[in-house]
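The values are calculated or read from the model by the stated rules, or taken from the named source; none is laboratory data. Please read all numbers here as calculations on a predicted model, not as lab measurements. Cβ atoms come from the backbone with ideal geometry, glycine included; neighbour counts cover every protein chain shown. Protein only, heavy atoms only, side chains kept; ligands, DNA and RNA dropped before computing areas. Shrake-Rupley method; radii C 1.70, N 1.55, O 1.52, S 1.80 Å.
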Amino acid sequence: ATRSFYAVPTIGKAPERTIEGRDDPLSSSQVPASEAHDVDQALTLQGAQQVLAILRGHKMSENRAWRIPVGWYAVHAGSQMINEERAARIKQVWPDAPAEESLPHGAILGLAYVHSQCAPEDCLPGYV
């Protein structure tokens, strides 16, 4: 079954968003930054635009077919450009996103903290 994770960005200001069942909004101030130096795993996403959208707090969820343990991850932009469908979703939540072609690919662009997991149908509407 596909699972979604909620990532808390580590650069820029995290938007205040609340996960169903939680009373407190997510913010980067709640992430235990002391653990970041221990990062030894990475997640690869297609397209640098998606990676930057997570790191800047515009994209708060990502779907995977496996459970991603809570914790810090390096976020890697794969060598492929983002596809049109994903690019359209990013533009919905980040109209001023830099052009995919202008961004680095095949590189780790930052760190994100995987905060929690849920089934896609349990995610808040409007999350990209």
Check your understanding: If you keep only loop residues by DSSP, which chymotrypsin sites (Phe, Trp or Tyr not before Pro) in the stretch 40-128 have at most 10 other Cβ atoms within 10 Å of their Cβ?
Key -> Trp66
Point to revise | Heavy atoms of Asp122: accessible area, 1.4 Å probe, square angstrom to 10 | key: 90 Å²
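Which FRET efficiency value, to the nearest 0.05, do you get for Arg89 and Val39 by plugging their Cβ-Cβ distance into 1/(1 + (r/R0)^6) with R0 = 22 Å?
The computed FRET efficiency comes out at 0.25.
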